[in-house]
Every structure is written in C-alpha cells, then in structure tokens.
1. Looking at Ala609, Gln675, Leu634, which one has the Cα that reaches farthest to the positive end of the dipole of segment 560-692 (charges on Cβ: Lys, Arg +1; Asp, Glu -1)?
2. When the dipole is taken about the Cα centre of the chain, and only Lys, Arg (+1) and Asp, Glu (-1) are charged at their Cβ, what size is it in debye, to the nearest 20?
3. Taking the full set of protein chains and a 1.4 angstrom probe, give the accessible area of Ile162 in square angstrom, rounded to the nearest 10.
4. Once amide H atoms are built 1.01 Å from N in the peptide plane, which residues 5 or more positions from Tyr347, or in another chain, come under 5 Å H to H?
5. Could you order His64, His115, His75, His229 so the one with the most accessible surface comes first? Probe is 1.4 Å.
6. Can you pull the accessible area of Val408 for me, 1.4 Å probe, Å² to the nearest 10?
7. Once ligands and nucleic acids are excluded and a 1.4 Å probe is used, how much of Arg184 is accessible, expressed in Å² to the nearest 10?
8. As a test of the formula, what do you get for the chain when each DSSP H run with n ≥ 4 contributes -39,500 (n - 2.57) and the sum is divided by the residue count, at 222 nm and rounded to the nearest 500 deg cm²/dmol?
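The values are calculated or read from the model by the stated rules, or taken from the named source; none is laboratory data. Bear in mind that the values here come from a model prediction, so they are computed numbers and not experimental data. Positions of Cβ are backbone-derived with ideal geometry, glycine not excepted, and every protein chain shown enters the neighbour counts. Keep in mind that these areas ignore ligands, DNA and RNA; they rest on the heavy atoms of the full protein, side chains included. Shrake-Rupley method; radii C 1.70, N 1.55, O 1.52, S 1.80 Å.
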Amino acid sequence: MPNLYQIINAICGVLITAATAAQATNRQSDKDVLLELKDFLQAQDPINPGIYQGWSESDASPCHWDGIRCDSAGHVDSLDLSSSNISGPSFGNFSRLPRLSHLDLSANSITGQLHPDLKNCRSLHYLNISNNLIGGNLDVSTLINLRILDVSQNRFEQRIDINFPAICGNLTVLSLASNNLTGRIDGLFGSCTKLRVLDLSWNSFTGTVWRGISMLKQLKINNNNITGHVSASIFTTGCKLQSLNFAINFLHGRFPSSIANCAGLKFLSVWDNGFRGPIPAGISSIAGLEELVLASNRFDDKIALELKNCTSLKYLDISDNNFVGDIQAVFGKLRNLRNLLLQENKYTGGIISSGILQLPQLSLLDLGYNKLSGELPTEVSRMTNLKVLILAVNNFSGSIPLEYGQLVRLQILDLSYNSLSGGIPPQIGNLTSLALLMLARNQLSGRIPKEIGNCTSLLWLNIVGNKLSGNIPPEMANIGRNPNPTFMENRKNPDLLEPITNKCQAVEKWIPERWIPTNYPEFNFVRSMMLSQKNCLAIWTRFAMGYDPLPMSSPLRTALGYVQLSENLLSGEVPPAIGTMRNFSLLLLDDNRLSGHLPSEIGQLKLVALNISNNNISGEIPAEIGNMDSLESLDLSWNNFEGSIPSTLNQLTKLSKFNVSYNPLLSGSVPGTGQLSTFDEQSFLGDPLLSFHSLTGSSSYS
C-alpha cells in the first residue's frame, strides 16, 4: 500500500496538472476573444491597422502581444489599444475577458454608442475611452469597481444621474470633459469619498458649486452653466484643492477669502464670470500659488499690496476687468512672473512706474486693448527673456524703438492699431526667432528694410494700412525660410504655449482677425476650427511647434504662413525673387502703387490665395500662374493687364474666387469650358475687349 507521503504527492501532482490545464484553457479562451477582436477591428479598417495586427494565432499565449498584459495566472487583465487607428462601432465581447481590469481605447475614432456588453465588465478598475466619437447616453452604472474613468472629448449627451452615486465607491479620477452632457451636478458626487480628480469642463451642466469640493485635489467645471454665489463655507479648513477652474460660467457675487484654507492651491481660474468687489485677500496667503486667472469679471482695481506674498506666482491674468488709471505697482513686486496679461482694461499709464518692465523672468507681456499713450517704452529692450510682446490697440505714437532689435528671443510682436510713425527699423532683422509680426493700421512710412529678410522664422507678417513706400525688397523672399530653430525651442520649452492655449477658452474674442485673415476661406476655416476649445488648443500648439496644424482630413493641406502688405504706397515691380518664398499660402499686395510686369516666377509659389488688385501692373498675365495648383482665390482686378487670359488658368481646379475686372486692355475670349467657365460676369466687369460664348452668340464684358 502507498504511504501517506506518496498519496499527498500524487494529489499535488493532480492539482498541479489541473491548474496548468486551467491556465492553458484560460489563455486559450482569452486568446480566442482577442483574435475575434482583431478580426472585428480589421474589418472596420483594413487599410490602417493598429498594434493588434501583430497578434498571431500561432502564439501559444497572448500575454506577450503588444497592448496586452496578463496576471500571474495567465489571465488577460490589461488591454491598451490607445491611438491604434480604430474606427467604427464598439466591440461587443470585452466581457468575455473575465479578469480584465484595465481597458484603454482612447485617441481613436470609435463611433456610435457604447456597446451594452461593456456594462458586464465588472472587474474594470480603469476605463479610458477619451478622444473618440462615441455618442448617446453614458451608462456605466454597473462598473462599481472603477477607480479611474475617462470619457472626455466624445459626443455623450443628456444627464449622468444614472451613474452617480452608483459607481462612486472606489472612484478616484473622473473626467467627463468636452461632451454634450446636461443636468444638475450639485448633489451627484457627495458619496464619492475617494474622488480626488474631477473634470466636468466643456459641457452644459447646471447647478451650483457644492460643498465637498475641498476634498478634491483637482476640480474643473469651466465652460458650463453653473450659477449662484460661491459660499465661504465651500472652502473648509484642511482644503486639499491644488487646482480649481471655475472659468466661463455664471457665478457672481464676491469670491470668498476662505480660499486661503486651500493652502496647497497652485492653479486658480475664475475667468469670465460675474464676480465683483475686491480681489479676495485670502489669495495673498497662498504662497505656493503659481497661476491666477481673474480675467473678465468686475473686480475692484484697488489690489492689496499683500498680493506680493504670492512669491511663486508665474502666470497672472487680470484682463478685462475695466481697471482704470495706472497699472498697479503690486505687479512689479511679483519677481517670478513669467506671463502677465492685462489687456482689455482702461489703463492709461504706469508701464514704467509699476515696475513690470523690470520683472526678470517675464516671457509674455500683453497690454493690448487699453488706453496707453505716448512713445513705446525703450525699457522693454532690457527684458531679455521676452518671447511675446503685445501692445496692440492702444494710443502709442512716435517711432518703433531701434532697441527692440535687442529682443532676440522674441517670437510674437504685435504693435498694430496704434498711431506709430517713422520707419520699420532695420534692427528688426536681428529677431531671427520672430514668427509673428503685426504692425497693421499705424502710420508707418519709408521703405520696408531689406534686413527683414534675416527674419527666417517669420511666417505671419501683417503690415496692412500704413504709408510704406518704395520697392518690395528682394531680400524679403527669405522670410520664413527656416523657422525650425524657433519650432525646436518651443518643443523643448513649451512654456510659451500655455498663455496662448489658455485663451482658447474664448478664442472668438482673443485670437484676433489681424492674426487670422478670415476674409479668405482657408483661414476662415482655420478660425472656425479654433472656435472649438479642443481644436484651438491642438491647432495653436501645433502651429507653435511647427507641426501640421490640421488633421489629414482637412481640406486645407498647404502651409499656413502669410504676407499682408495691402493698403500701403509700395511701388515698382514685384521682384522675381518672390518666387523663391517658402512656407506661405497667402500673399496680399493689393491697394498699392506697384507697376511693371508681374514676374513669371510668381507661379512657383504654393499659394491658396493671391491678391494684387488695385495696382498699376501691366503686361500679360503670367501663364505660370496656372502651375499654382493649390490656388483657390485669385484677384488681379483694377490693374492694366493686357492680352488674353492664359488658358493655363483652366488648370486651377480648386479656384473658387477669380476676378480680373477693370483691366481694360484684356482681350480675347473667356474659355467656354473648364474652371474659368464657372465664373459669371462679376469676375470680368469693366473689360470691354473680353468676350465669351453663350448659347445666343458672343457677348462682351463692359
């Protein structure tokens, strides 16, 4: 008879064999589900497969496949298919992975509604389906083990009550941002005692600010329809908040000084509400506060000197509060400030006396849309870290200081809509990092300096509406030729992007038309895209870093640089060197005194819009313009062109706006077929020698 030791040994062997067989069965079962998922996804998009393409049926176990992680027993417990080119409806069998605790399908193009099967994945601790196109009602009410849930940037709609407090028990992070969700939110999260990060921004939620937010570390309810006062009792002793965003709601009254209880607060935005009264003194006691946005309210302009105690403050925006008089001296005490935005107030002075021009770390200064006057301060030239300087829409006069050529790190300079006179200083050519130069609507005179050609990062130039004269310098063809050093700087140090992207919350108000010429469809499309916060932030960031700013599906697939020289007194011929310009899609030379022949080299440009109307240009229209296959808008009206319209213009299949009116020496027939035949008589007014063929015979445009 076998002894006890042998019996135990045999039993153990049986158990081990059974366990091994069970693990193999589990692996096979999970593998079958994943292969089914692979077939499903490939059927939706056979052209652009994701990482699942490498999942092989011949592998014994799926545990080493890309995007897959297994537990110690061989069960699949994590599936990450983020950014995997997934499109079409949701997969319906995730619940057949019984140990699945982590599911990430973010940054794809999943459409339709959530598959009901997902509600059966009760082991899920982590679910991320953000950045998709999923719509309908959000119902994950059975997933009570969730700790992290992110459904942001989708198309979910209606109320969320069914989910809360049902899934509150273990939830620590919740993001519902950028959907179309509605309903009251006060009262929904009181039972979510473990919740630390809550993002409800960019929806249509209603209700009031509720007690209990002090237990969160991060709360974003910006861009909703939240109303009422913020009670002092909201910010309790021991407040844990580190980031709080109330921006763009309908809150009003006085903001409570009890915010001082949130001693760990680093970010606070109450932008665009109806707060009034003094800026709460409690803010001054939060020594670690780094970003403070109080813009677009009705705060008093008497700011307590104690604000200087916020020694960590790097970003301060008090724009659009109707502050009057001199810029407050307290701003000059904030020695660590990097970004100071005071635009859209009614300041009349104090630029120098406030001390803001002596802030050593300042990289962005925006004083636009005020009532500042006098000469531009030369002291700005000592701000060696300055990257963005906006003094537009004020009453500045005098000349542009030569010393501004010392701001070698400057990327954005906007002095437009003032009363500046004199010339553009040649020292502008020292600004090799300059990407955007706005000098429009001043009284600048003299020649465009040839040194501007040294601005090899300059992609956005607007000097419309001045009194500039003389020839267009051939050296100007070099602008924007090599912006890569500036782009690389922004990729390494994206601090410049933060104040701009923050303004995406009101892009329709802040990104001005002098920056984006919306009279041209291509740029109007860009601006309309940027009216969505999701798109604005992404587009601006990609602009500044030198990436293609628009998705592959965009109808605009050319560079988005522009040169606007309209409404000046420029004369002489357009230089042939202009054909060597790169990275531009818009060239506006209209309303000047240009003469001579239009150079054939202009046909080398990759433009979407060309406007040289209202000049004195003569000779034949260059046939080479027909090579500009991206051209959508061409305006040659009010010149002295002669001869026939080149047949090559019929090759411009994207052309939607065409005007050669009031060129009285143009002759011959307008082609009766092709792209030019799609334009009516409004494109040919005042051209008596032109004729076109109709069903009843020839007609002329007179």
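1. Highest projection toward the positive end goes to Ala609.
2. Charge dipole, the chain, about its Cα centre: 2280 debye, nearest 20.
3. Surface accessible to solvent at Ile162 totals approximately 100 Å².
4. Those qualifying (amide H under 5 Å, at least 5 residues apart or on another chain) are Lys371.
5. The residues order as His64, His229, His115, His75, largest area first.
6. 80
7. Taking all protein chains as shown, Arg184 has close to 120 Å².
8. After summing the helix terms and dividing by residue count, I get -4000 deg cm²/dmol.
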